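The values are calculated or read from the model by the stated rules, or taken from the named source; none is laboratory data. The model shown is predicted, which means the values in this text are computed figures rather than measured ones. Every residue, glycine among them, receives a Cβ derived from its backbone with ideal geometry; neighbour counts consider all protein chains shown.
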Amino acid sequence: MLTKDYIEIEEKYGAHNYHPLDVVIKEAKGVWVTDVEGNRYLDCLAAYSAVNQGHCHPKIYDVFVEQAKHVTLTSRAFRNDKLPILYKKLHDMTGYDMALPMNSGAEAVETAVKTARRWGYDVKGIENNKAEIIVADGNFHGRTTTIVGFSDDPSSYGGFGPFTPGFIFHEYGNAEDLKSKISKNTCAVLIEPIQGEGGIVIPPEGYLKAVAQICKDNNVLFICDEIQAGLGRSGKLFAHYYEDVRPDIVIIGKALSGGYYPVSAILADKEIMGVIKPGQHGSTFGGNPLAAAVAVRALEVLEEENLVQHSFEMGEYFISKLRAIDSPHISLVRGKGLWIGFVLDRKARPYCEKLMAEGILCKETHENIIRFAPPLVITKDEIDWAVGKIEKVVKELDNVQF
Ligand SMILES: Cc1ncc(COP(=O)(O)O)c(C=O)c1O
């Protein structure tokens with residue numbers, strides 16, 4: 001079958017909830033993917049940062065296959081021999097006392113919301129059903145009905161109400177505005193340290209520190225959604241390390257499995273995690289032994305291959321090269337680590353389509369921003385190759401109207 005045959009079937013029988021580029025991937029290794037017709041592309045999206053370790057990493061693959069021979073799912077009705085190892089690994093790597101495992105990122109965000117509300121009632125003493133969580137405008141935390149209920153993007157929330165109450169907006173990056181939204185019912189502030197889906201929006205320096213301080217002063221939990229930003233993407237293990245703060249709850253997912261499996265978790269100290277008691281929260285697949293074994297290996301790969309530092313160094317290099325491209329349509333190149341927003345003064349989609357024809361896969365976020373976020377294993381030579389192609393496409397489109 002050819003590309004068009006797969007697309008025809010997909011369009012006919014699948015829900016149209018995405019608008020993918022018309023490439024049908026069959027194989028992937030490291031930063032490279034190959035389509036059904038044998039064309040090779042450099043992946044500059046990395047499955048929205050879920051394959052930070054590179055596609056089909058052999059070390060993770062070995063554990064994935066080995067664990068599949070033994071036991072894949074026990075449910076949490078019984079214990080398994082891999083989940084404790086993941087808990088310990090997360091503790092050793094991050095310093096948090098405890099973790100609560102789930103599957104998708106959105107489920108982990110829901111878990112953080114539930115934990116914060118529970119803490120608000122049981123520890124802070126907020127009147128029942130009055131708890132408020134302050135979120136940021138421009139946020140993206142996932143797709144459940146509760147989560148889209150606190151999105152300000154109409155394509156996320158439009159037509160899906162009514163929504164869960166108890167979420168208050170503040171202006172992302174504006175600590176004074178955040179302070180003004182705190183009330184006696186505030187149990188938590190939930191933010192992304194850098195807004196990924198928003199277009200790699202980096203808040204002003206000092207904002208995260210101010211958020212942490214405001215939370216501390218007001219007995220409010222600081223929840224940091226590191227699902228996309230975390231595990232090396234930003235050039236640090238967590239993007240909040242740039243401001244040397246310690247959130248009360250950190251949410252992780254995506255690269256926690258290196259792309260093999262949906263694995264997510266929240267991290268917190270025991271005074272906070274302890275508010276969740278048996279029977280109050282869970283998931284059939286959350287914390288399963290296959291997920292746990294894969295996640296431990298995926299975390300080890302980040303360390304063994306020094307991928308966090310590599311992301312920092314390659315990111316600086318990539319950003320500097322992109323900034324050197326001269327075009328009247330490039331408004332701004334911003335980023336941290338290998339997480340780059342290439343902001344144009346017009347539609348980004350034609351650029352993504354042309355880049356695909358040149359062998360680079362990337363995706364627009366919002367109308368006018370291209371995100372460059374390759375697997376963290378990318379080399380300098382591969383960046384040079386990519387920049388050459390990007391420059392070619394930018395120049396070719398400079399004088400084309402659309
Ligand atoms: C910051 C952030 N939070 C949550 C999510 C949701 O994760 P998932 O798609 O695994 O539910 C995403 C996904 O892009 C994300 O970027």
Tabulated pairs, region 138-152, first without any contact (Cβ under 8 Å) to a residue 12 or more places away in the chain and farther than 12 Å from Thr164 by Cα, second within 11 Å of the ligand (Cβ to nearest atom) and among the charged types (D, E, K, R), C-beta under 9 angstrom, 6+ apart or interchain: none
Asp244 - would you say it is closer than 15 Å to Ala112 by Cβ, more than 12 Å from the ligand (Cβ to nearest atom) and either surrounded by fewer than 24 Cβ atoms within 10 Å (Cβ to Cβ) or in the same structural domain as Ala292 (by TED's automatic domain parsing) (or both)? no
For the subset of region 168-203 comprising residues that are of a type in the set (D, E, K, R) and more than 16 Å from the ligand (Cβ to nearest atom), which member is nearest to Ala373 (Cα to Cα)? Glu171
Based on this model, can you work out whether Tyr87 counts as under 23 Å from the mean Cα position of the chain (by Cα), farther than 30 Å from Glu358 by Cα and part of a loop (DSSP other than H, G, I, E, B)? no
Check off (1) touching a His at 6+ places or on another chain (Cβ under 9 Å); (2) surrounded by fewer than 20 Cβ atoms within 10 Å (Cβ to Cβ) for Pro204 and give me the number that stays unchecked. (1)
Inside region 108-128, can you point out the residues that are more than 15 Å from the ligand (Cβ to nearest atom), within 10 Å of Cys187 (Cβ to Cβ) and part of a helix (DSSP H, G or I)? Thr115, Ala116, Arg117, Arg118, Trp119, Gly120, Tyr121, Val123, Lys124
Here is a check on your reading of the model: is Arg334 touching a residue at least 24 places away in the same chain (Cβ under 8 Å) and under 25 Å from Gly235 (Cα atoms)? yes
Kindly evaluate Ala293 against the criterion of being over 29 Å from Lys216 (Cβ atoms) and either in contact (Cβ under 8 Å) with a residue 12 or more places away in the chain or not in a loop (DSSP other than H, G, I, E, B) (or both). yes
Considering only residues of region 204-234 that are β-branched (Val, Ile, Thr) and part of a loop (DSSP other than H, G, I, E, B), which is farthest from the ligand (Cβ to nearest atom)? Val220
Per the filter on region 264-290, residues touching a strand residue (DSSP E or B) at 6+ places or on another chain (Cβ under 7 Å) and closer than 22 Å to Tyr48 by Cβ are Ser264, Ala265, Ile266, Leu267, Ser283, Gly286
Take region 133-159 and flag every residue that is more than 16 Å from the ligand (Cβ to nearest atom) and either among the hydroxyl-bearing types (Ser, Thr, Tyr) or crowded, with 23+ Cβ neighbours inside 10 Å (or both). Ile134
Looking at (1) more than 16 Å from the ligand (Cβ to nearest atom); (2) buried (at least 22 other Cβ atoms within 10 Å of the Cβ), find the lone condition where Ala50 falls short. (1)
Please enumerate the residues belonging to region 337-370 that are touching a residue at least 24 places away in the same chain (Cβ under 8 Å) and among the aliphatic types (A, V, I, L, M). Leu338, Ile340, Val343, Leu344, Leu355, Met356, Ile360, Leu361, Ile369, Ile370
Looking only at region 129-147, decide whether some residue is aromatic (Phe, Trp, Tyr) and assigned to a loop (DSSP other than H, G, I, E, B). yes
Does Gly258 satisfy the condition of being over 17 Å from Ile191 (Cα atoms) and either within 16 Å of the ligand (Cβ to nearest atom) or under 13 Å from the mean Cα position of the chain (by Cα) (or both)? yes
Test Val220 against the stated conditions and say whether it is in contact with a Leu (Cβ under 9 Å, 6 or more places away or on another chain), buried (at least 17 other Cβ atoms within 10 Å of the Cβ) and either polar (S, T, N, Q) or in contact (Cβ under 8 Å) with a residue 12 or more places away in the chain (or both). no
